[in-house]
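Single-structure report; data block below.
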Amino acid sequence: MSINFPLLLVIAVAVCGALALFDLIFLAPRRRAAISTYHGQVSEPDEAVVDRLNKEPLLVEYGKSFFPVLAIVLVLRSFLVEPFQIPSGSMKPTLEVGDFILVNKFAYGIRLPVLDTKVIEVGEPQRGDVMVFRYPSDPNINYIKRVVGLAGDRIAYSSDKRLTINGESVAQQLIGDEPGSLGSATLYSEKLGEAEHQIRKEMQRYRLEPGGEWVVPQGHFFMMGDNRDNSNDSRYWNDPSIPKPLLGMVPDQNIVGKAFAIWMSWPDPKSRNLPNFSRVGLIH
């Protein structure tokens with residue numbers, strides 16, 4: 001079962017904030033009044049008694065302690081930068097399994113947490129961006145792919161693994177066999193928009209039937225993984241509940257943010273291997 005962490009975080013901040021506010025308005029004045037009454041009843045107040053009268057309820061104490069920390073995390077995570085870990089090889093060679101990445105949450109507009117409603121326009125996804133988004137068929141799951149198609153684009157991917165955008169074939173330059181693949185996978189250099197990056201193709205029969213074409217509707221994006229033969233992306237999504245013109249498309253409201261940097265790699269946390277920083281750098 002997937003967990004809606006943003007919702008849990010908002011609830012936690014709201015509960016802790018409510019406890020702090022309740023204490024400020026109701027409980028703290030009562031404690032001060034009790035201490036004042038006690039001071040009026042004795043000539044030499046006992047500090048232990050004063051401390052006991054001034055003691056906050058345990059629940060309030062925890063709420064007030066956690067509130068500023070959770071509030072800062074909510075602001076950072078919702079509006080500035082959110083960390084993610086790459087769970088699959090769909091973006092190889094750009095991103096490897098176990099890469100920890102940072103995602104810019106305001107690059108494509110500032111959105112309200114949980115509701116994901118855009119309240120301030122900042123920018124729009126550009127062709128070639130590496131973008132994190134909520135999977136259209138299950139918004140509780142985050143995906144990461146590269147933006148290939150923008151609104152109005154006609155995208156085609158043929159049985160010989162050629163990508164065409166608006167009738168023009170996207171140029172690819174052979175780099176060579178992927179290290180360690182024994183010739184089973186080949187790397188190419190590709191340029192989408194301003195983004196120059198590498199893609200990976202396997203020497204196997206392609207899964208997609210020849211003649212696959214899509215037209216990207218307004219407010220939607222067509223996404224593909226750099227690991228072209230091992231990526232569950234816009235080419236393969238087949239949800240009968242989604243109207244055919246929108247099938248395979250990512251709506252604007254599902255955008256999470258733009259992936260911009262790798263800050264750590266830890267391919268197998270269950271093993272004895274330690275995290276490494278050999279792949280730290282910007283994402284292209």
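Bear in mind that the values in this text are calculations on the coordinates, not laboratory data. Worth saying up front: this structure is predicted, and the values here are computed from it rather than measured. Backbone-built Cβ (ideal geometry, glycine too); neighbour counts: all protein chains shown.
Distance between the modelled labels on Phe260 and Ser278, one decimal in nanometres: 2.8 nm (7 Å Cα→Cβ projection).
Could you compute the FRET efficiency for Asp153 and Ala14, with r as their C-beta to C-beta distance and R0 at 51 Å, rounded to 0.05? Once rounded, the FRET efficiency stands at 0.80.
Multiplying the residue separation of Val50 and Arg162 by 0.36 nm and removing their Cα-Cα distance gives an extension gain of 32.5 nm. One decimal place: the segment Val122-Asn140 gains 4.0 nm when fully extended, by the rule 0.36 nm per residue minus the C-alpha distance. Which one, (i) 1.15; (ii) 1.07; (iii) 1.39, gives Cα Rg over 2.2 N^0.38 Å as derived from the coordinates shown? Recomputing Cα Rg over 2.2 N^0.38 Å here picks out (iii). Separation of the alpha carbons by more than 28 angstrom is noted, of Lys105/Lys191; Lys105/Lys201; Lys92/Lys270; Lys161/Lys258; Lys118/Lys270, for Lys105/Lys201; Lys118/Lys270.
At a Förster distance of 51 Å, what's the computed FRET efficiency of Leu21 paired with Ser271, Cβ-Cβ distance as r, to 0.05? The calculated FRET efficiency here is 0.65.
Considering only chymotrypsin sites (Phe, Trp or Tyr not before Pro) in DSSP loops that have at most 15 other Cβ atoms within 10 Å, the longest stretch of the chain without any of them is 1-235. Its Cα centre serving as origin, the chain has a Cβ charge dipole (Lys and Arg +1, Asp and Glu -1) of approximately 220 debye. Stretched out straight at 0.36 nm per residue, the stretch from Trp237 to Glu96 would grow longer than its current Cα-Cα span by 48.5 nm. Classify segment 106-176 as rounded, prolate or oblate from the Cα gyration tensor: take a ≥ b ≥ c as the square roots of its eigenvalues, call it rounded if a/c is under 1.5, otherwise prolate when a/b beats b/c and oblate if not. Prolate, since a/c reaches 1.5 and a/b exceeds b/c.
When segment 1-103 is described by a simple charge dipole with +1 on each Lys and Arg Cβ and -1 on each Asp and Glu Cβ, the residue from Gly98, Leu9, Leu53 located farthest towards its positive end is Leu9.
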